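Down below is the structure, laid out as structure tokens.
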Amino acid sequence: MGNYFTDNDDILFLFEHADLPSASVVMENGFHSSKTIDFAPENAADAMDNYFRILKMLGELAADVIAPTAEATDRIGNRLNPDGSVTYAPGIADALDRLGRADLMGFTLPYEYGGLNCPQLLYVMAIDIVSRADASLAVFFGLQGIADTIERFASKTLKERYLPDLASGRTTAAMVLTEPDAGSDLQSIRLRAYQSENKEWFVHGVKRFITNGCGDVLLVLARSEPGTMDGRGLSLFVVDRSDKVKVRRLDDKLGIHGSPTCELFFDHAPAKLVGKRRRGLTPYVTNLLNKTRVAIAAQSLGIGEAAYRAAREFAHTRGGFGDTIEKIPAVRELLVDMSVDLQAARALTYLAGLHLDYDSAIFRRAVPVERDAAGQKKIAAMLSAMGKYYASEMSVRVANKALAVLGGSGYMRDYPVERHVRDSRITTIYEGTTQIQIVTAYRPVLAGVAKSVIGELTDRDWMGDEAELVDNLREGVGLLDRAADYINGRRDQSYSDLHSRRIVDMACVLIVGALFCRYAEFNDAKMTVAKRWLDTKLPELHLSCDAICSGNRSVLDRFDVLAGRVSHGD
Amino acid sequence: MNYHSVVCVKQVPDTNRITGNPMKDDGTVNRAALEAIANPDDMHALEAALEIRDHHGGSVSVITMGPPRAAEVLREALYRGADDGYLISDERAAGSDTLATSYVLACAVKKLSPDMVFCGRRTIDGDNAQVGPQLAEKTELTLITYVDSLVAVEDRTVTARRDLDTGWELVAAELPVLMTVAHTANTPRPPSVKRMMKLKKARSRPEIVEKLMRDADWPDKTSLKTAVDRRAAELEKHGLLIQSWTLDDIGAKPGRCGLRGSPTKIHRVQSIVFTAAEQKRFRNDEAGVSELIGLLIKDHTIR
């Protein structure tokens with residue numbers, strides 16, 4: 001009998017202090033729905049009570065029902081049947097059934113389509129909790145952004161046809177983007193979409209690496225404008241699962257074995273256009289990716305949490321050198337770094353979730369939010385990419401360190417940590433690789449968007465210990481300014497690209513630092529974490545700033561020498 | 001063929017998640033240290049009833065006896081899909097032992113005349129596992145204990161597998177029956193969020209009385225009753241009134257209820273505290289397991 005919500009002090013803290021009530025206010029738009037929907041909240045306090053109940057119930061389900069199946073799911077995986085259908089691992093199938101019956105598969109969808117109309121921020125917390133139990137399940141639970149995309153851009157007919165079933169868990173969905181020759185570079189997608197004489201759409205061609213490609217509702221990006229070469233020739237379609245859509249193979253992969261990764265062949269499959277032609281990539285898929293990226297960030301948090309807890313418990317009980325190994329300074333530092341890294345990633349990811357809510361509110365014209373739409377869109381896009389980048393890399397770091405703490409035991413399948421290591425690795429790849437996230441985030445950082453977010457969080461008078469923290473933070477912001485000015489002044493695109501990761505890293509550190517300064521006001525633990533963060537990160541910021549301002553182009557200019565020649569063999 | 005089931009549930013202190021000293025100095029349970037929850041086995045009983053309803057149609061009613069706050073377990077059952085709940089709350093029933101409790105429940109069950117009655121195998125506070133069998137006796141229902149899985153319900157016959165510890169027994173019985181359900185029978189479904197968000201506002205009359213008395217001073221009983229009636233009617237209009245019964249409503253004789261109806265005498269209560277004095281790790285191989293077994297035999301944990 002456990003609970004992955006109430007046993008997690010960090011999630012409980014952020015539930016209280018990450019502005020969830022303001023997210024409820026924008027989502028519920030004056031709380032009018034309570035007059036017509038008998039379960040809709042009457043006010044922010046009522047909404048918060050609902051949210052707490054939802055996470056508490058989910059926390060129990062995750063700990064008692066889902067987590068015990070994760071190991072078996074990892075071993076069993078999925079099966080491609082001769083008739084082309086795919087059988088999920090029993091734990092996944094059972095969990096999906098339960099999540100659907102608990103009304104949790106339409107988490108953020110509006111009431112009218114059978115959803116709970118909850119904020120993205122709450123959904124992010126929910127994915128965090130579920131992923132700690134089983135990272136594989138998160139790809140089903142965490143892909144509700146697909147339904148959101150249909151809700152936002154498709155016709156009323158399509159919404160009514162697809163959304164209620166998705167919300168109830170009767171159907172599952174997949175986002176079908178990647179092709180053999182188009183991964184991160186979605187502009188070069190080739191899957192052909194064409195119209196018959198009576199104006200019906202069809203798609204034809206191959207897609208690969210499709211998570212849950214065996215799902216019932218496929219959201220497909222395809223080239224509808226023959227002769228075009230870039231994103232402006234792409235449109236978005238919904239394709240039903242049928243005998244015109246064949247799962248050709250299931251990929252055998254490193255981790256998340258419970259998630260079926262499919263190669264799909266569309267054999268002139270009937271399709272329905274979502275929204276308008278040529279808008280497929282921008283804005284539809286771009287918008288979808290903002291949400292799914294934050295979802296993957298949340299999945300990364302759950303994996304990191306699971307790995308960290310396994311290591312913490314092991315170090316606490318494992319004897320060695322005359323005591324438990326947690327007394328060894330090197331082990332202590334590993335555990336502290338893991339814990340602080342995890343809290344940093346969670347703070348950043350939840351902030352991204354909150355800004356997705358502000359963005360949705362503006363879109364729904366629900367706004368009591370005093371923000372301009374374009375500015376908010378930029379912040380949401382930057383934070384989504386940053387959250388995905390930071391949290392996914394964190395999960396790899398934390399899982400790796402957890403394995404280090406367990407040593408030989410961690411390398412064995414007797415403990416779950418090797419699974420966390422394998423599962424974590426995908427988070428830095430799908431929904432856009434780490435490098436793609438950096439490309440997405442760094443232009444807004446150079447343009448001052450990160451600085452404005454930091455300002456919004458910290459521009460006021462601070463007292464006592466917090467004032468000292470904020471002074472350190474402002475010193476760091478000065479370093480980011482210097483580095484950005486140098487890059488902007490240099491007007492050297494490849495040099496700028498070379499340092500994009502450093503720039504984004506600096507911005508991540510500072511936004512997290514700003515959040516930590518705010519949290520430090522609430523309790524001693526958060527104050528201690530904030531101090532540790534700035535104490536360890538400020539020297540790194542100096543280092544990054546120096547590297548950026550050095551003007552050293554050797555990686556670009558002396559590449560052949562430094563990287564060595566390609567050997568073509570005999 | 002559809003069936004009407006009644007599930008008996010009890011609110012208990014959560015002995016699995018103890019947050020402070022579980023016993024007071026006088027040997028009684030320190031309820032403040034323990035969160036009140038629905039008795040775990042009862043949730044398995046509820047799940048069994050809900051599964052039958054989902055497959056065959058019919059309805060599931062849930063009853064509990066206790067103070068006003070015990071209605072929380074009814075709400076918990078309603079979130080999971082129970083059709084209605086009944087709170088039997090009467091000060092004259094306070095302090096009931098298993099005999100008195102089963103008498104009160106029997107009066108309520110007879111009023112509902114169901115096809116099937118489900119109880120949890122045991123509660124985690126009393127741990128007597130007596131109320132189910134006593135209730136079957138008093139209602140003259142066929143009793144099937146330790147139900148490990150419900151194999152089939154066809155027409156007027158139920159087939160169930162009983163867990164006998166040393167094996168299983170397959171039994172078939174004519175309805176109506178009473179079954180006590182073990183935790184191995186199923187995995188209870190989670191609450192439906194939509195039902196939860198709506199029905200968290202459902203209240204029973206005893207709770208309304210309690211709240212109104214806490215919120216204000218009432219000059220006389222009539223004005224309080226008027227206020228209670230008004231609030232109850234308002235809730236009922238929105239489907240949020242939980243039914244409640246007094247002993248009189250179910251025709252129970254007060255002399256057979258509460259302390260007066262409870263012959264059980266507690267001889268002595270001991271607070272036994274298990275502490276982990278030391279820990280020992282065993283290797284995950286044959287030799288390690290042999291060493292563990294040897295030690296357990298030596299300290300008479302196993303024979």
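The values are calculated or read from the model by the stated rules, or taken from the named source; none is laboratory data. As the structure is a prediction and not an experimental result, all values here were calculated from the model. Cβ sites come from the backbone with ideal geometry, for glycine too, and all protein chains shown count toward neighbours.
Can you say whether A:T108 is closer than 22 Å to A:K272 by Cα, touching a helix residue (DSSP H, G or I) at 6+ places or on another chain (Cβ under 6 Å), of a type outside the set (A, V, I, L, M, F, W, C) and in contact (Cβ under 8 Å) with a residue 24 or more places away in the chain, as far as the supplied structure shows?
Criteria not met by A:T108.
Which count do you get for residues in the range A:79-105 that are crowded, with 24+ Cβ neighbours inside 10 Å and either closer than 30 Å to A:M412 by Cβ or more than 10 Å from every other protein chain (Cβ to nearest Cβ) (or both)?
Here the count works out to 6.
In the set B:T159, B:T166, B:T145, B:T184, which member is in a loop (DSSP other than H, G, I, E, B) and over 15 Å from the mean Cα position of the chain (by Cα)?
That would be B:T166, the only listed residue that is in a loop (DSSP other than H, G, I, E, B) and over 15 Å from the mean Cα position of the chain (by Cα).
Considering only the range B:228-237, I want to know if a residue exists there that is surrounded by fewer than 17 Cβ atoms within 10 Å (Cβ to Cβ), under 27 Å from the mean Cα position of the chain (by Cα) and under 15 Å from B:G85 (Cα atoms).
For the range B:228-237, residues surrounded by fewer than 17 Cβ atoms within 10 Å (Cβ to Cβ), under 27 Å from the mean Cα position of the chain (by Cα) and under 15 Å from B:G85 (Cα atoms): present.
If a residue must be within 21 Å of B:A36 (Cβ to Cβ) and either assigned to a helix (DSSP H, G or I) or basic (K, R) (or both), how many such residues does the range B:48-99 contain?
16
State whether the residues of the range A:414-434 include one that is more than 24 Å from the chain's Cα centre (by Cα) and either in the same structural domain as A:G258 (by TED's automatic domain parsing) or under 30 Å from A:A133 (Cβ atoms) (or both).
yes
Could you please find all residues in the range A:212-231 being modelled with pLDDT of 95 or more and outside any loop (DSSP other than H, G, I, E, B)?
Those that are modelled with pLDDT of 95 or more and outside any loop (DSSP other than H, G, I, E, B): A:V217, A:L218, A:L219, A:V220, A:L221, A:A222, A:R223.
Taking the range A:390-438 on its own, how many of its residues are under 25 Å from A:H499 (Cα atoms), among the charged types (D, E, K, R) and either in a helix (DSSP H, G or I) or touching a strand residue (DSSP E or B) at 6+ places or on another chain (Cβ under 8 Å) (or both)?
3
Each row is one residue, and each column tells you yes or no for (1) farther than 22 Å from A:I429 by Cβ; (2) small (G, A, S).
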position	(1), (2)
A:G169	yes, yes
A:A173	no, yes
A:G183	no, yes
A:E197	yes, no
A:F202	yes, no
A:I210	no, no
A:L264	no, no
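Could you look through the range B:218-265, keep only residues that are at pLDDT 95 or above and touching an Asp or Glu at 6+ places or on another chain (Cβ under 6 Å), and pick out the one that is farthest from the other protein chains (Cβ to nearest Cβ)?
B:L247
Can you go through A:A67, A:A45, A:A18, A:A63 and tell me which one is more than 22 Å from the chain's Cα centre (by Cα) and at negative phi?
After ruling out the rest, the residue left standing is A:A45.
Only one of B:D155, B:D163, B:D220 is surrounded by fewer than 21 Cβ atoms within 10 Å (Cβ to Cβ) and in contact (Cβ under 8 Å) with a residue 40 or more places away in the chain; which?
Residue meeting the stated conditions: B:D155.
Return the residue satisfying two criteria in turn: it lies in the range B:165-212 and is away from chain A (no Cβ under 14 Å) and of a type in the set (K, R), and of such residues it is farthest from B:G239 (Cα to Cα).
B:K211
Taking the conditions exactly as written (at pLDDT 95 or above and over 23 Å from A:N3 (Cβ atoms)), does A:R278 satisfy them or not?
The answer is yes for A:R278.
Name the residue, out of B:E278, B:E210, B:E291, that is more than 24 Å from B:A93 (Cβ to Cβ), part of a helix (DSSP H, G or I) and of a type in the set (D, E, K, R).
Just one listed residue meets the conditions, B:E291.
Could you say which residue among A:A345, A:A374, A:A380 is more than 30 Å from A:H257 (Cβ to Cβ) and either under 16 Å from the mean Cα position of the chain (by Cα) or not in a helix (DSSP H, G or I) (or both)?
Selected residue: A:A380, the only one of A:A345, A:A374, A:A380 that is more than 30 Å from A:H257 (Cβ to Cβ) and either under 16 Å from the mean Cα position of the chain (by Cα) or not in a helix (DSSP H, G or I) (or both).
Filter the range A:158-188 down to the residues that are in a loop (DSSP other than H, G, I, E, B), over 23 Å from the mean Cα position of the chain (by Cα) and not charged (D, E, K, R) and list them by number.
A:P180
State all residues of the range B:248-297 that are within 28 Å of B:G66 (Cβ to Cβ) and in contact with a helix residue (DSSP H, G or I) (Cβ under 6 Å, 6 or more places away or on another chain); if no residue qualifies, say none.
Selection gives B:I250, B:G251, B:A252, B:P254, B:R256, B:C257, B:G258, B:G261, B:S262.
Of the numbered conditions (1) in contact with an Asp or Glu (Cβ under 6 Å, 6 or more places away or on another chain); (2) within 14 Å of chain B (Cβ to nearest Cβ), A:A70 satisfies every one except a single condition; which is it?
(2)
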